[in-house]
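Each remark here refers to the structure printed beneath this line.
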Amino acid sequence: MRCLIFVEHSDGTVSESALELGAMAKSIGAEAVGLICAADPGAVNALAGQLGSFDAVIGVADDSLATYNPDAAARALTAATEAHKPDLVMTSYSAAGVDLAPNVAIRTGRQMVGYVSGLELDGDTLNAMSTVYSGKLVARTGMDLPGIVAVMPGAVKADGLSGGAPAVEMMDVDLSGLRMRVTETLVPENTGVNLADAEKIFCVGRALGGTEKIELAENVAAALGAELAGSRPVIDAGWMPKVRQVGKSGTKVKPRLYLMAGVSGAPEHLEGMANSELIIAINSDEQAPIFGTAHYGAVCDMFELMPALTERLTAGK
Amino acid sequence: MHIAAILRLNPVLTEELEVDEDGRDIDREWIGLELNPFDDQALEQAVLLKEATGAKVTALAAEAEGGERLLKTALARGVDEVLLIEVGEENVQLSSRARAPLFQEALEGLAPDLVLTGVLSTDDIYGELAPQLGALLDWPQVSAVSNVALGDGVATLQQEYSGGISARIEVQLPAVVGLQAATQPPRYVAGSKLRDLLKVEVPTVEPGADFGADLADATELEVPDTSGGAEMLTGDAEAVAARIHEILVERGLV
Ligand SMILES: Cc1cc2nc3c(=O)[nH]c(=O)nc-3n(C[C@H](O)[C@H](O)[C@H](O)COP(=O)(O)OP(=O)(O)OC[C@H]3O[C@@H](n4cnc5c(N)ncnc54)[C@H](O)[C@@H]3O)c2cc1C
Ligand SMILES: Nc1ncnc2c1ncn2[C@@H]1O[C@H](COP(=O)(O)O)[C@@H](O)[C@H]1O
């Protein structure tokens, strides 16, 4: 059994998720073949050198692949899938993975399963466990191979560098007439807020409802000596600046305390904070998925809890 | 310039979800449905682009129930035209993969310059819609997009990666975009505006295309076992606050 893994990388470093996918392929006894798309063969080789646990690497080199280009990457992954006929194509559930897995599934006529948190091989059937409805349910799908999976970051632990660099075989892919180009990479500006290094974080979610109540949250954060943070909807609604977003497309944090209120615990939020030392979650819905990850939880209205907690913390000083 | 916005209904996830008897679908008896939050962003982006460029916007849906109301909301939000693809009352739980060929067919008829839909729906287990439509139509597509601007035959998009990093991408039209966040938060529609639209007829079309094949028959759903999860603190807000304070003191965190 062979898995073809789309290897994401940035600034010359392969992403942690690629190593996780390699480990997942090994966990079902499969060979791990990486697909590395980069600007030139030298870059492919340098990246392949970081994939010690992989069995082989297919390289595609083109100027358009210097950074992630959805059109070029989809063509490369489709071509590699058609040429090498792996039993399983694996991508991370990342921006690139969301572009690629469903797109290549249609182009190659394969079935796919997304939001995958675990794989088990049962004869010729691959059982894929997925997290659906924002973590409120889990699904088990029996997929006949060949197929495609998009795997949640952090689903398994990454393998270390066990072997030497895998052998690289370069592949020619027709990338003429691309219909998009990347014109600029944007990095977040430095604003003095540093969630990644914060020791304590108080995070509020969509339930905050607007900026009218934000003072209640600021008071908790101040009384606790914590940085205030928000889930993605809080930032998208403009209630807090982007530097305060925790999660998949925000900052990844690992504070000693992550206190959270009105956050459901969607996988994209967990991706940014699940490794915090102590997680305490307040949510009015007893079925909120966050209670599966938090160390302590309370089913409680955050608008009652926040002032009560501020008072306790202030009185306790 | 013509923009198509694809809208889907999703269960309200702040309500309790239960699995039906045969473990194949959620129990839909009492569940509330709402516009998929990411499709809401796509709808807003479409209307913002209409306001900025004078583009025409058509909203599309393929729902068994609630589709008419959904599209009337879209009219109240400012789209010009709507189209409901009939899927049959029995097909309440179609995946994006099952519906993709229906949208493909409708889009080939409408021939828009830009298709906007939400980056995902939380039940897109067999693949998200935008990248599938990109492949089916053979149009370029980009997912996880925040910010869309229209130029002459091109759209300029911002695609978001982890760590707050993003890229600016220039895409030739026609193109499909999986939207994560509109340039501005979705606007509120007054109830009176919706009531005005009660009598409006929503045009419907019967699909000629077959549903896309997915693995729905091979999937079993379960409520996750959270017994290894949080130790629950009980009592009213005062009591919970007091317990949290104790825990923080014990751990030297305050
Ligand atoms: C590519 C991609 C990247 C993403 N990146 C991120 C990211 O970086 N960070 C992120 O957070 N999300 C991210 N998301 C979004 C993610 O999928 C969820 O939509 C988001 O995390 C939900 O935020 P939330 O929990 O605040 O809102 P909701 O899911 O709406 O949850 C609100 C919660 O508040 C509870 N509640 C309601 N009222 C009260 C009350 N009075 N008191 C207490 N609780 C109450 C509800 O029960 C509910 O659980 C991303 C999504 C995609 C597709
Ligand atoms: N995910 C959860 N959502 C809501 N309540 C929970 C959750 N996990 C545990 N509980 C509650 O916490 C208490 C102890 O749960 P347990 O640890 O499963 O015995 C019970 O009253 C459960 O209802």
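The values are calculated or read from the model by the stated rules, or taken from the named source; none is laboratory data. Remember, predicted model here, so these are calculated numbers, not experimental data. All Cβ positions, even for glycine, are placed from backbone atoms using ideal geometry, and neighbour counts span all protein chains on display.
If you go through the range A:275-289 one residue at a time, do you hit one that is modelled with pLDDT of 95 or more and under 19 Å from the mean Cα position of the chain (by Cα)? Outline the logic, then answer.
The initial filter retains those residues of the range A:275-289 that are modelled with pLDDT of 95 or more, namely A:276-284.
Among the residues that remain, those that are also under 19 Å from the mean Cα position of the chain (by Cα) are: A:276.
Yes, the range A:275-289 contains at least one residue that is modelled with pLDDT of 95 or more and under 19 Å from the mean Cα position of the chain (by Cα).
In the list B:ALA62, B:ALA42, B:ALA46, which residue meets the criterion of being of a type in the set (A, V, I, L, M), buried (at least 20 other Cβ atoms within 10 Å of the Cβ) and within 14 Å of another protein chain (Cβ to nearest Cβ)?
The unique qualifying residue is B:ALA42.
So, A:THR131, is that one more than 25 Å from A:GLY205 (Cα to Cα), among the hydroxyl-bearing types (Ser, Thr, Tyr) and either in a strand (DSSP E or B) or touching a strand residue (DSSP E or B) at 6+ places or on another chain (Cβ under 7 Å) (or both) or not?
The answer is no for A:THR131.
Take the conditions on the phi > 0 side of the Ramachandran plot, out of contact with any Ser or Thr (no Cβ under 7 Å at 6 or more places or on another chain) and surrounded by fewer than 16 Cβ atoms within 10 Å (Cβ to Cβ) and apply them to A:GLY164. Does it pass?
Taking the combined requirement at face value, the residue does not satisfy it.
When B:GLY32 is evaluated against the numbered criteria (1) surrounded by fewer than 23 Cβ atoms within 10 Å (Cβ to Cβ); (2) among the small types (Gly, Ala, Ser); (3) farther than 26 Å from A:ARG232 by Cα, which criterion, by number, is the only one it fails?
Every condition holds for B:GLY32 apart from (3).
Within the group A:GLN287, A:GLN245, which residue is under 17 Å from A:ILE201 (Cβ atoms) and among the polar types (S, T, N, Q)?
Numbers: A:GLN287 fails: under 17 Å from A:ILE201 (Cβ atoms).
One residue alone meets the criteria, A:GLN245.
Mind listing whichever residues of the range A:255-267 are surrounded by 22 or more Cβ atoms within 10 Å (Cβ to Cβ), over 14 Å from B:ALA230 (Cα atoms) and either more than 9 Å from ligand 1 (Cβ to nearest atom) or of a type in the set (D, E, K, R) (or both)?
Listed by number, the residues that qualify are A:PRO255, A:LEU257.
Can you pull out every residue in the range A:199-223 that is buried (at least 22 other Cβ atoms within 10 Å of the Cβ) and more than 11 Å from ligand 1 (Cβ to nearest atom)? So that I can check it myself, show each step before the final result.
Taking the range A:199-223 as the starting set, the residues that turn out to be buried (at least 22 other Cβ atoms within 10 Å of the Cβ) are A:201-205, A:208, A:217, A:220.
Within the range A:199-223, A:ILE201, A:PHE202, A:ALA217, A:VAL220 qualify.
Conditions: (1) at the interface with chain A (Cβ under 7 Å from one of its Cβ atoms); (2) in contact with a Lys or Arg (Cβ under 9 Å, 6 or more places away or on another chain); (3) more than 19 Å from A:ASN219 (Cβ to Cβ). B:ILE244 meets all but one. Number of the miss?
(3) is the only condition that B:ILE244 fails.
Looking at the range A:164-182, can you tell me whether even one residue there is modelled with pLDDT under 95, out of contact with any helix residue (DSSP H, G or I) (no Cβ under 9 Å at 6 or more places or on another chain) and not aliphatic (A, V, I, L, M)?
Taking every residue of the range A:164-182 in turn, at least one turns out to be modelled with pLDDT under 95, out of contact with any helix residue (DSSP H, G or I) (no Cβ under 9 Å at 6 or more places or on another chain) and not aliphatic (A, V, I, L, M).
I'd like the residue in the range A:128-158 that is surrounded by fewer than 21 Cβ atoms within 10 Å (Cβ to Cβ) and among the charged types (D, E, K, R) and, out of all such residues, is nearest to the other protein chains (Cβ to nearest Cβ).
So the residue we want is A:ARG140.
If A:SER276 passes every condition in (1) at the interface with another protein chain (Cβ under 7 Å from one of its Cβ atoms); (2) within 21 Å of A:THR131 (Cα to Cα); (3) away from ligand 1 (no atom under 11 Å from the Cβ) but one, which one does it miss?
All conditions pass for A:SER276, except number (1).
Condition first: within 26 Å of B:GLY163 (Cα to Cα), without any contact (Cβ under 8 Å) to a residue 60 or more places away in the chain and assigned to a strand (DSSP E or B). Can you find one or more residues in the range A:12-30 that meet it?
yes
Has the range A:114-127 got any residue that is within 10 Å of chain B (Cβ to nearest Cβ) and in contact with a Pro (Cβ under 6 Å, 6 or more places away or on another chain)?
No, that holds for no residue.
Taking the range B:2-17, which residues are in a loop (DSSP other than H, G, I, E, B) and either closer than 26 Å to B:VAL57 by Cβ or more than 9 Å from chain A (Cβ to nearest Cβ) (or both)?
B:LEU7, B:ARG8, B:VAL12, listed by residue number.
From the list B:VAL202, B:VAL171, pick out the single residue that is among the β-branched types (Val, Ile, Thr) and more than 7 Å from chain A (Cβ to nearest Cβ).
B:VAL202
Evaluate the range A:94-102: report whether one residue or more is over 19 Å from the mean Cα position of the chain (by Cα), part of a helix (DSSP H, G or I), surrounded by 21 or more Cβ atoms within 10 Å (Cβ to Cβ) and within 11 Å of another protein chain (Cβ to nearest Cβ).
Checked the range A:94-102: no residue is over 19 Å from the mean Cα position of the chain (by Cα), part of a helix (DSSP H, G or I), surrounded by 21 or more Cβ atoms within 10 Å (Cβ to Cβ) and within 11 Å of another protein chain (Cβ to nearest Cβ).
Being β-branched (Val, Ile, Thr), part of a helix (DSSP H, G or I) and either under 18 Å from the mean Cα position of the chain (by Cα) or over 21 Å from A:THR183 (Cα atoms) (or both), is that true of even one residue in the range A:45-61?
No, every residue in the range A:45-61 fails to be β-branched (Val, Ile, Thr), part of a helix (DSSP H, G or I) and either under 18 Å from the mean Cα position of the chain (by Cα) or over 21 Å from A:THR183 (Cα atoms) (or both).
Quick one: would you say A:GLY297 is at the interface with chain B (Cβ under 7 Å from one of its Cβ atoms), more than 8 Å from ligand 1 (Cβ to nearest atom) and at positive phi? Lay out the reasoning, then the answer.
Values: at the interface with chain B (Cβ under 7 Å from one of its Cβ atoms): yes; more than 8 Å from ligand 1 (Cβ to nearest atom): yes; at positive phi: no.
When the stated conditions are applied, A:GLY297 does not pass them.
Output the strands (runs of 3 or more DSSP E) that fall wholly within the range A:159-275 and possess 2 or more residues being free of Cβ contacts under 8 Å to residues at least 12 places away in the same chain, or say none.
Output list reads A:180-186.
Looking at the structure I just gave you, is A:GLY142 over 23 Å from the mean Cα position of the chain (by Cα), more than 25 Å from A:ALA72 (Cβ to Cβ) and at pLDDT 95 or above?
Spelling it out, A:GLY142 is indeed over 23 Å from the mean Cα position of the chain (by Cα), more than 25 Å from A:ALA72 (Cβ to Cβ) and at pLDDT 95 or above.
Quick check: is even one residue across the range A:76-93 among the acidic types (Asp, Glu) and surrounded by fewer than 21 Cβ atoms within 10 Å (Cβ to Cβ)?
Looking through the range A:76-93, at least one residue is among the acidic types (Asp, Glu) and surrounded by fewer than 21 Cβ atoms within 10 Å (Cβ to Cβ).
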